[in-house]
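What follows is a short report on a single structure.
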């Protein structure tokens, strides 16, 4: 069990009689890229919101590194090392790319306000910010106003600001949504690159992305766990094919969750 970084036990969320997530048992292995997929209305986003405590479970448990975090607040979850991309990735459009990443670094130090810090200290933040920009291939955009970045590059910046928080586990909610083919490929390669030494749990609609980079896939349907395994395993599962409107396994790759 030491290889399990995140686990849920019978995780359930009800809304006035409607069960959005039903007794989900999820185990995410340390160091894996793990995808949560499923048809529209399957409960993927609700499950993400439960894991990051933006929603309170009706019942069940959430364990991170063996610790019960079911009752923890979002800020406590973040401090323990679980960072969801949008938690800090609402990038500031009228600041430069470098300044956005530096804010993420300042937050990781406990405050965003470092007016009393020496110039040398700020320079150290700049150096680390540039390292993070290099990691997501944004070095050449360091002085660009964020509002002027192409959409795909903005998503890369969001990942950089998430990395600035030094997450042990990153939760990415549809990281390639709304992207053209070139941006999808770039962000997919970026996720693979930044996964080194980290654990990633992602909700993703693009099955070609999931098939290319994920170690394990959990399929939800109507709030319940339908299937789990590698892409090769779940794509051949008759229940999964049926859930994706009667797709064959070959068609599943092009399906939208």
Taking residue 123 and the conditions (1) modelled with pLDDT under 90; (2) assigned to a loop (DSSP other than H, G, I, E, B); (3) more than 14 Å from residue 104 (Cα to Cα), which numbered condition does it fall short on, given that it satisfies the others?
(2)
Only one residue in 184, 240 is at pLDDT 85 or above and within 21 Å of the chain's Cα centre (by Cα). Which one?
184
Taking region 161-183 only, how many residues are farther than 16 Å from residue 85 by Cβ and either in a helix (DSSP H, G or I) or free of Cβ contacts under 8 Å to residues at least 12 places away in the same chain (or both)?
2
Taking region 215-244 and the residues there that are in contact with a strand residue (DSSP E or B) (Cβ under 7 Å, 6 or more places away or on another chain) and at positive phi, the one that is surrounded by the fewest Cβ atoms within 10 Å (Cβ to Cβ) would be 229
Looking at (1) at pLDDT 85 or above; (2) under 20 Å from residue 132 (Cα atoms); (3) exposed (fewer than 15 other Cβ atoms within 10 Å of the Cβ); (4) under 19 Å from the mean Cα position of the chain (by Cα), can you tell me which one residue 105 breaks?
(3)
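The values are calculated or read from the model by the stated rules, or taken from the named source; none is laboratory data. The structure presented is a predicted model; accordingly, all values stated were derived computationally and were not measured. Cβ atoms come from the backbone with ideal geometry, glycine included; neighbour counts cover every protein chain shown.
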